[in-house]
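Asker: Got a structure for you, questions after.
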Amino acid sequence: MYAIGIDFGTSTSEVATFVAGGVKVIEDPASGKKTIPSAVAIDENGDLVVGNDALKYEGLEGRFVSQVKRLMGTDAEVELGDRTYRPEEIAALIIGKVKSIAEKSLGIVVEEAVISVPANFPEPARRATMDAAEIAGLRVLRLINEPTAAAIAFGAVERRSRETALVFDWGGGTLDITVLNIDGRNVDVIASYGDLFLGGSDFDDSIASYLEEDLQEGGGVEVTAHDALRKEARRAKEKLSFADSEDLYLPAVGKREDGSSVTLDRSLSREEMNRIIGDMVERAGDVVEETLSMKSVEKSAIDRVILVGGTTYVPAVRQMLQEYFPGKISVSVDPDLAVCMGGTFQAAIMRGLVIGESEVVTSDISPYGLGLEILELIGNQWEFVYDPLIEPNTKLPFETSVEYDLLSAEQRAVNIRVLQSHRNVKQRAGEAIDTGIHARIAGIPQRRQSEPHTLRIDFSYDANGMIHLKATIVETKQSITIDFSETEVSLSEQDKLLATEKVRELLKHM
């Protein structure tokens, strides 16, 4: 019996299995590395290629796509060649490639896995990730929050007496900060907060913009190779994590007004890079502060800071954390592999492969609060507002019931909209996040009494961070259940079937 964990990342993905009482991260045979690029491209024959094979096409307009994780849970479309794909389809190709690498290494068919997601992934993005896994042929045992997975890996490697740890998880696309208590085999999450649109790829964009402005200084230069310039910027960032300066060379990056070619030929120092990314590192510090404030945790109460994600290799990031938490930085688990290792350990627990003293017991939270959109009189004006049902950082699983009066006895229908927010206060609906979970009860009979009908909401939030909701008109027993349902930003069942056929056929030839 095998247990599989997958870290589906913005820049790279990883897969591991539990063997001989420990976690083994599986290498990509195409590169010999334990990280697999989360990239898809079109090759010279017009065929789709995934992972390491896709990297050779990076920088070619319309033929390469990465960072699709940032689009999960949206209705965005991804263009490759003359076709468009949903984010779930591109993600399914990446997950399917990772699945195939595991199958070839282990000599088995992989049918289920624990998959990690950012702690601050909203519900639509979680559902989209589960859809992508299903399309790729996987049953998701559990969606596990990335910082929680990293803490499990840390707990499995280092058995410690009780301490309060902060997991600083900064990958290619997202920043997650989680505070938790680790007590030997127990991992108890206290608070989590993050920024879904702040990652190492933003460093790349800023460095590329800086280099472009430098090339254009004095005027008369048009930069044309934007993707290639960004690729060189990323390479420089990685080199400057371990060196004081790096030479950059990129021919034909642009052209002058007379038509002559422009070449990038210069060095970039770590000091320059620190200035370029300084505002983003400062934003990360603000996220740390906000996370601690959610549960009134003092900096001095943090015993250890666990680094996760490739962006934590950047010296300016580590320096910022050292200033916040002197002498408390831990790198005992590889930042690139910690999430995958912890997810795999969780899969082993769920499959009954880890018992007794080796088992790690976790309790997770909902980083977001959840609530309903209701109509409320504010001053002299009716406005749609977010009414909280569950506050941020509540232990999961969670369930509750709440009742509302409809607006009048004559009301014949009611719309239910589920929203998310990091703030546990009533606010205008537009300030909260729309989960895309919408439902409607119609045909409500007029009440003979003058009082309006009562709407009861039975609400639960499971360990995967997925919403289950039943709405009932109390007097008539009319009800509707929302359970992993189709929403405005999710794939319909028909679209999912079509995507499954298309993606699995493509995966056969990879």
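Asker: Within the range 19-29, count every residue that is assigned to a loop (DSSP other than H, G, I, E, B), among the aliphatic types (A, V, I, L, M) and under 24 Å from the mean Cα position of the chain (by Cα).
Answerer: Total satisfying the criteria: 1.
Asker: Can I ask one more? Restrict the check to the range 214-228 and report whether at least one residue is closer than 22 Å to THR344 by Cβ, among the β-branched types (Val, Ile, Thr) and at pLDDT 90 or above.
Answerer: no
Asker: So in the range 296-328, with the set limited to residues that are β-branched (Val, Ile, Thr) and assigned to a helix (DSSP H, G or I), which one is nearest to MET280 (Cα to Cα)?
Answerer: Here the answer is VAL317.
Asker: Can you tell me which of ALA191, ALA150, ALA128 is over 23 Å from ALA348 (Cβ atoms), assigned by TED's automatic domain parsing to the domain that holds SER66 and of a type in the set (A, V, I, L, M, F, W, C)?
Answerer: Within the list ALA191, ALA150, ALA128, the selection yields ALA128.
Asker: Which numbered condition trips up ALA439, out of (1) in a loop (DSSP other than H, G, I, E, B); (2) farther than 19 Å from GLY369 by Cα?
Answerer: (1)
Asker: Looking at this structure, is GLU123 surrounded by fewer than 21 Cβ atoms within 10 Å (Cβ to Cβ) and either touching a strand residue (DSSP E or B) at 6+ places or on another chain (Cβ under 8 Å) or within 19 Å of GLY343 (Cα to Cα) (or both)?
Answerer: In short, no.
Asker: Oh, and also: Just checking: which of the strands (runs of 3 or more DSSP E) contained wholly in the range 30-123 hold 2 or more residues that are among the hydrophobic types (A, V, I, L, M, F, W, C)?
Answerer: Result: 39-42, 48-50, 64-66, 78-80, 112-117.
Asker: What residue, of GLY5, GLY73, GLY51, is under 21 Å from PHE154 (Cα atoms), within 21 Å of the chain's Cα centre (by Cα), small (Gly, Ala, Ser) and buried (at least 24 other Cβ atoms within 10 Å of the Cβ)?
Answerer: GLY5
Asker: Kindly indicate whether any position in the range 197-215 is outside the structural domain of GLN420 (by TED's automatic domain parsing), surrounded by fewer than 24 Cβ atoms within 10 Å (Cβ to Cβ) and within 20 Å of LYS295 (Cβ to Cβ).
Answerer: Scanning the range 197-215 turns up no residue that is outside the structural domain of GLN420 (by TED's automatic domain parsing), surrounded by fewer than 24 Cβ atoms within 10 Å (Cβ to Cβ) and within 20 Å of LYS295 (Cβ to Cβ).
The values are calculated or read from the model by the stated rules, or taken from the named source; none is laboratory data. Not measured: the values here are computed from a predicted model. So basically every Cβ, Gly included, is an ideal-geometry build from the backbone, and we count neighbours across all protein chains shown.
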